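Report on one structure; see the data block that follows.
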Amino acid sequence: MIRLFFPRHTSIYYGIIFFISIFSFADIANAEWVERITDLEGGLLYESNINRSSFDSDKRSDTAFIPSVSLGRYNQLTDSTRLRATVDFEFGQYNNFKMLNYNKAGITLAIRQKMGFGSDAPWLRPHFSAGYTDVSSDNRDSYLYEAGLRVGKQLTPELDGRIGYVYNLRDGKTDVFDQRGYTLSIEGSYILTNRMLLTGGYSYWYGDFDSAYTYNNITRISASEDVKAITTDNAFGEQFCIYRLAGKANTISLLASYSFFDGHGSLNVGYQQQNGKAYYLDYLNSIIRVSFIYSF
């Protein structure tokens, strides 16, 4: 069962107050809902180290089919301020590890504020989301929260740049999945042709993450790492334990998008390389994603 709820954590209240404070400066009496949002996406995902293991003998890889839909509206608050409000649904179906299959539902609010006039004026975009993920492996069921800020600018007619900060909070059914983390990112997009867009980025993440190992490596993990929580894990169909550790990760990403259907649709091919590290142990995970997006 998918559950939606009002956030319980103080940090999320701050996010809501932040949005309310922005609204208080906008002339909402003159605002209007100007555009409906119906975004559909179907994607194929491959991960080379889905359980984030430091040991080659424990690494597991898998592919997944991940469709999603977002439904909502845009509200034009002022000439330079626009609100995006959506209800979001996502479903993950894995090829080998069926216990990782999930259903996710939530809400997202985002405000885009232009800081001047013209297409090259800088802009900022605060956002907040809350939701719930229901996973076949019940240990992974969690409430999910995110709050962040992105700032961007058109640098040339073909090139734009963005920097961002995101705070993530996961309130899990078990202690292993009680996690929080912070991400700093920088990325840029270049219009190669009228239909082809290339995007590259780098992000630094710090916080909690989960990592799964076979029983054979329990002693090695416990001896070298400050384990925050541990539980048995049935997601990989073997004798696995899953840990919560504190660490950091550097991620490099590349994305190519090809537009068609008069700009309503796009075919996207992306690659990410994650290099994560706890106190002593580290992991490498390569992610390939191919998706089709259509916006009505």
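The values are calculated or read from the model by the stated rules, or taken from the named source; none is laboratory data. Computed from a predicted model, the values in this text were never measured in an experiment. No Cβ is skipped: glycine too gets one built from the backbone with ideal geometry, and neighbour counts run over all protein chains shown.
Do you know which of the residues in the range 66-120 that are of a type in the set (A, V, I, L, M, F, W, C) and over 19 Å from the mean Cα position of the chain (by Cα) is farthest from L45 (Cα to Cα)?
Per the stated criteria, the residue is F117.
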Among (1) surrounded by fewer than 17 Cβ atoms within 10 Å (Cβ to Cβ); (2) outside any strand (DSSP E or B); (3) not polar (S, T, N, Q), there is one condition M99 misses while meeting the rest; what is its number? (1)
Please list, ordered by first then second residue, the pairs with beta carbon atoms under 7 Å, 6 or more apart or interchain, first in the range 228-242 and more than 13 Å from S136 (Cα to Cα), second among the basic types (K, R). K228/R244; A229/R244
If you go through the range 202-218 one residue at a time, do you hit one that is within 22 Å of G265 (Cα to Cα), in contact with an Asp or Glu (Cβ under 9 Å, 6 or more places away or on another chain) and at pLDDT 95 or above? no
Matching option when the condition is buried (at least 18 other Cβ atoms within 10 Å of the Cβ), in contact with an Asp or Glu (Cβ under 8 Å, 6 or more places away or on another chain), hydrophobic (A, V, I, L, M, F, W, C) and under 22 Å from S80 (Cα atoms), among F177, F128: F128
For the range 231-288: of the residues being out of contact with any helix residue (DSSP H, G or I) (no Cβ under 9 Å at 6 or more places or on another chain) and basic (K, R), which is farthest from Y213 (Cα to Cα)? K248
Quick one: count up the residues across the range 260-296 that are surrounded by fewer than 17 Cβ atoms within 10 Å (Cβ to Cβ) and either more than 19 Å from A64 (Cα to Cα) or touching a residue at least 60 places away in the same chain (Cβ under 8 Å) (or both). 19
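Rundown of residues vs (1) surrounded by 14 or more Cβ atoms within 10 Å (Cβ to Cβ); (2) under 26 Å from F89 (Cα atoms), yes/no style:
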site: M115; (1), (2): no, no
site: G118; (1), (2): no, no
site: A121; (1), (2): no, no
site: D138; (1), (2): no, yes
site: G152; (1), (2): yes, no
site: E158; (1), (2): no, no
site: R170; (1), (2): yes, yes
site: L184; (1), (2): no, yes
